[in-house]
Each structure stands twice: as C-alpha cells, then as structure tokens.
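A short write-up of the structure that comes next.
Each reported figure results from applying straightforward, stated rules to the coordinates on display, with no laboratory input. Keep in mind it's a predicted model, so treat the numbers as computed, not measured. Note that each Cβ is placed from the backbone with ideal geometry, even for glycine, and that neighbours are counted across all protein chains shown.
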Amino acid sequence: MERPKYKRVVLKLSGEALAGQQKYGIDPIFISSIANQIKEIVELGVQVAVVVGGGNIWRGVAGSAKGMDRATADYMGMLATVMNSLALQDALENISVPTRVQTSIEMRQVAEPYIRRKAIRHLEKNRVVIFAAGTGNPYFSTDTTAALRAAEIEADVILMAKNKVDGVYSADPIKDKNAVKYDTLTYLEVIKRGLGVMDSTASSLCMDNNIPLIVFNISEEGNIKKVILGEKIGTIIGGEK
C-alpha cells in the first residue's frame, strides 16, 4: 500500500483555479477534477482541510481600488469564498466524500461556524473540512487564512495549488522566458526577494510556526497525490536550508 508522507494537510485553492479555463465563475469540469484528486488522498488516510479563495467571483482589493470601502469589499470577497466552498462540497459529496464547510462569518443555514475543536474532530473522522469566509476579518487574505488554520489544526504542510505555474520562479514564467524555477526556498528568501508566493503576513505566520509550504500545479491530474506521496514536484518552502 502507498504510504503518504503527510497525515494532515491544508490545501489552498485560489478562486481563479476554480474558474478553470473560464475568466469568471466556477468550471464544473475543473472542480470535479479537483474533487477526484482530493478523494484519492482521502482514500490514503490523509486528513484534508481546504481553504478556497474567491477571486473567480469577487476580489476585495480590486473593489477597493475602484473606490469601494476596503472593509466592505473584503466582506464581499469572503461571501464569494463561501459560494466556492459550497460548490466544492457539492462536488465532493457527489463522489461520496463526506465534507463539512465551516465559515468564519456565522451563517448557520448554510454551513457550520468555525470551531477549532470541531474541525479537528471532523478531520479525525476522515471528513474533508472546507474553511470558508477567510479569517472573518477584512484586510486579511485567504493565504493568511490557510496559514492560520494550518497552525490551529496542527497541519503537517500547506499545499498551495496553482493552475498556471508548476512552482515558484524568479519572475513570472508566462511573461519572462528566462525565469528560473526554484526547487527549494526558505520563507526569508521568499519575503526578501518579494516572490509573491503568498502575502508577507501569511509567510511570516508559516515561518513562525514551522509550517512547510509546497507550491505545485493542480491542473495536472494526480498531482495532489504525488505531493502527498513525497514526489519532488513544484517548490518546497520551509525554514532554514
């Protein structure tokens, strides 16, 4: 039997990833692919928590740049993450993966409120837990949510899934053909070089709590399982080398 390298993980999905090839909304084919990849690792006995962004529906920063009150724009973004989380929950439960959505903003008719001990209990019962509505506070990204929740539930690693790149590069590989891919980095290097893997708050939180981060391409079927089994794909970010 295949032995997973990690027992409990936080999978960070950007909202843009859920849009697939579309520019807006949720691509049913792509979200189904993600659900199937999650099912593969759940069947290996891995405890999976997911944090989903909302950029495929609404970006708080973009709203604020156009003159909207930043807090209001961020709250709208949090609601977008709830919509994405419910869509992912539906895709998972359609393939018989028990799933719970927990929200940082209370909306009991839609999902459970976030309670750390309850989330851990769900994970121990092999249910996928999706953390929605960010941290519940404006001015914090879903990257920070992933780092915070990973620390709270004592996750072994954060898996940062990308749909356009297969790791961390010295520059945007889509725009710069000379961009160099990194196999390993430290959080200090990420912050000092301004590599934009995640915002500085999230990077600092991961660094302070010794939570490794793996950046990889989710568009390739089976990549989540490969990462879980310890295959060297993407970029690994951690403490000192």
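State, to one decimal in nm², a quarter of the convex hull surface area for the C-alpha atoms of the range 82-241, i.e. the direction-averaged projected area. Can you show the working numbers first?
Values: hull surface 41.4 nm².
It is 10.4 nm².
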Straight-line reach from Lys181: which aspartates and glutamates have a Cα under 13 Å away, not including same-chain ones fewer than 8 places off? Asp166, Asp172
Treating only Lys and Arg (+1) and Asp and Glu (-1) as charged, each at its beta carbon, one finds that the range 8-238 has a dipole about its Cα centre, in Debye to the nearest 20, of 160
Report, by chain and number, residues whose modeled amide H sits under 5 Å from the one on Leu195, excluding near sequence neighbours (fewer than 5 apart, same chain). none
Run down the lysines and flag those whose C-alpha is under 23 Å from the C-alpha of Lys39, throwing out any fewer than 8 positions away in its chain. Lys5, Lys7, Lys12, Lys118, Lys125, Lys162, Lys164, Lys225, Lys226, Lys232
